[in-house]
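Report on one structure; see the data block that follows.
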Amino acid sequence: MAHLGTSGELGKDWEGFRREMPISQRWAYFDHAAVAPITSPSRKAISRWVERAAVDGATPYSEWIAEIEQLRTLAAEMIRATVDEIALVGNTTAGINLVAEGFPWQEGDNVVTLADEFPSNQYPWMQLANRGVETRRVPTDEGEVDLERLANACDERTRVVTISWVSFSSGWRNDLEKVAEIAHRHGSLFFLDAIQGLGVFPLDVTGTRIDFLSADGHKWLLGPEGAGIFFTRREHLDLLRPVGIGWNSVVDAHNFSHIDLTLKDTAARYEGGTQNTPGLIGLGASLALLAEFGQEAISRRVIELTDTACERLEELGAIIHSNREPAQKSGIVVFELPGRDPESVRRRCLDRNVVISCRGGRLRISPHAYNNESDLDHLMGAME
């Protein structure tokens with residue numbers, strides 16, 4: 001049986017990462033694909049904001065804005081975008097709706113997606129039916145994506161192809177370059193719901209020709225809920241009709257007595273009004289921690305953890321349903337224990353300070369890079 005080290009081939013201090021995760025003192029946490037715990041730097045940053053807001057009101061506002069702009073920079077660096085291509089949003093759904101509601105649709109247009117996408121990457125597109133836009137939902141084979149089938153669903157009226165980087169229900173990781181090629185071959189744009197991959201796998205939005213991206217920070221980015229990022233290629237800024245316009249959308253944003261609807265020449269035009277300041281500051285602190293380790297190293301660590309988990313689960317008689325081929329494996333592992341009720345197993349684990357999920361009638365684990373062999377021991381012990 002493979003054993004996990006405390007440092008990888010690049011000498012990363014995973015136990016040091018673990019010390020920045022207060023959750024590890026009490027729980028073996030395997031549910032980062034649902035709602036992740038926040039990092040110690042995030043907790044400190046938010047606590048610092050709370051104390052200043054209580055004692056000093058809004059007088060430190062300029063300092064907070066500087067921290068938020070640092071988040072924008074970190075987000076841009078993480079996906080290899082420019083800072084003017086990043087908008088800070090409340091959640092993944094908000095980013096999806098910026099495109100779904102802002103795109104210049106015409107009756108007869110269509111959107112192509114997968115039938116088992118998370119609801120937030122289906123409902124905003126399906127809502128467009130009242131504007132004559134069809135949403136084509138391509139079936140998968142228990143989560144496994146047939147790219148030829150996806151391509152066949154596209155035609156000359158396909159305007160957007162939208163998929164998740166990693167399926168929340170199966171753990172299947174899509175080949176983004178191939179999906180981008182399919183979209184652009186048909187003259188459409190590629191929207192990526194990145195929430196289940198960002199924070200684990202490296203991404204270059206230029207190299208993979210992604211047009212739009214949205215991701216909340218409360219999963220693999222280890223940030224608080226209500227803070228996320230939206231990316232649009234700069235060339236699409238004037239394509240989307242900005243929705244949710246407010247005082248913060250215009251160039252002279254802080255001159256409240258001067259009304260001039262001149263929109264910012266950056267993705268920040270989509271930010272509208274007052275933001276979730278503590279949430280964004282907390283997310284920035286977590287992104288800074290992740291940047292210290294690097295996405296390449298984190299992805300190798302997470303794959304190592306999930307490979308080891310699969311091996312040990314199979315020793316317990318589990319059936320692994322997630323595809324574990326190198327190109328498709330992710331930080332999500334979906335499995336079943338024959339003859340065992342998934343909800344009962346989940347509750348038993350919770351009673352033993354082990355956190356897992358149930359999705360689609362099966363069990364799901366999603367470890368992060370700070371998890372270790374001791375956590376896996378607790379997981380296996382709870383399920384025996």
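The values are calculated or read from the model by the stated rules, or taken from the named source; none is laboratory data. From a predicted model like this one, the values you see are computed outputs, not experimental measurements. Cβ atoms come from the backbone with ideal geometry, glycine included; neighbour counts cover every protein chain shown.
Assorted remarks:
- Filtered residue count, the range 163-191, keeping only those that are in a strand (DSSP E or B) and either polar (S, T, N, Q) or more than 14 Å from Val111 (Cα to Cα) (or both): 3
- Checking each residue in the range 31-72 for being among the β-branched types (Val, Ile, Thr), over 21 Å from Gln196 (Cα atoms) and crowded, with 16+ Cβ neighbours inside 10 Å picks out Ile46, Ile68.
- Residue within the range 245-267 that is at pLDDT below 95 and under 23 Å from the mean Cα position of the chain (by Cα) present: no
- Some residue of the range 128-141 being part of a helix (DSSP H, G or I) and in contact with a strand residue (DSSP E or B) (Cβ under 9 Å, 6 or more places away or on another chain): yes
- Contact map, the range 238-252: residues that are at positive phi and of a type outside the set (Asp, Glu) paired with residues that are surrounded by 16 or more Cβ atoms within 10 Å (Cβ to Cβ) and assigned to a loop (DSSP other than H, G, I, E, B), Cβ distance under 8 Å, separation 6+ or inter-chain. Pairs shown: Gly244/Gly272.
- Residue list for the range 192-248, restricted to those being in a loop (DSSP other than H, G, I, E, B) and of a type in the set (Val, Ile, Thr): Ile195, Val200, Val205, Thr206, Thr208, Ile210, Val243, Ile245
- Residue check, Val83 of a type in the set (A, V, I, L, M), out of contact with any Phe, Trp or Tyr (no Cβ under 9 Å at 6 or more places or on another chain) and under 30 Å from Asp377 (Cα atoms): no
- Residue in the range 347-369 that is of a type in the set (Lys, Arg), buried (at least 21 other Cβ atoms within 10 Å of the Cβ), assigned by TED's automatic domain parsing to the domain that holds Ile23 and at negative phi present: yes
- Boolean, Thr73 is assigned by TED's automatic domain parsing to the domain that holds Cys154 and over 15 Å from Ala267 (Cβ atoms): no
- The residue list Gly197, Gly187, Gly132, Gly171 contains one member that is touching a residue at least 40 places away in the same chain (Cβ under 8 Å) and either surrounded by fewer than 20 Cβ atoms within 10 Å (Cβ to Cβ) or on the phi > 0 side of the Ramachandran plot (or both), which is Gly171.
- Of the criteria (1) surrounded by fewer than 19 Cβ atoms within 10 Å (Cβ to Cβ); (2) under 26 Å from Ala288 (Cα atoms); (3) among the β-branched types (Val, Ile, Thr), which one Val251 fails: (2)
- Of residues in the range 137-168 being closer than 21 Å to Thr92 by Cβ and among the charged types (D, E, K, R), the one surrounded by the fewest Cβ atoms within 10 Å (Cβ to Cβ): Arg137
- Qualifying residue in the range 250-262 (condition: in contact with a helix residue (DSSP H, G or I) (Cβ under 9 Å, 6 or more places away or on another chain), in the same structural domain as Ala87 (by TED's automatic domain parsing), assigned to a helix (DSSP H, G or I) and of a type outside the set (Val, Ile, Thr)): no
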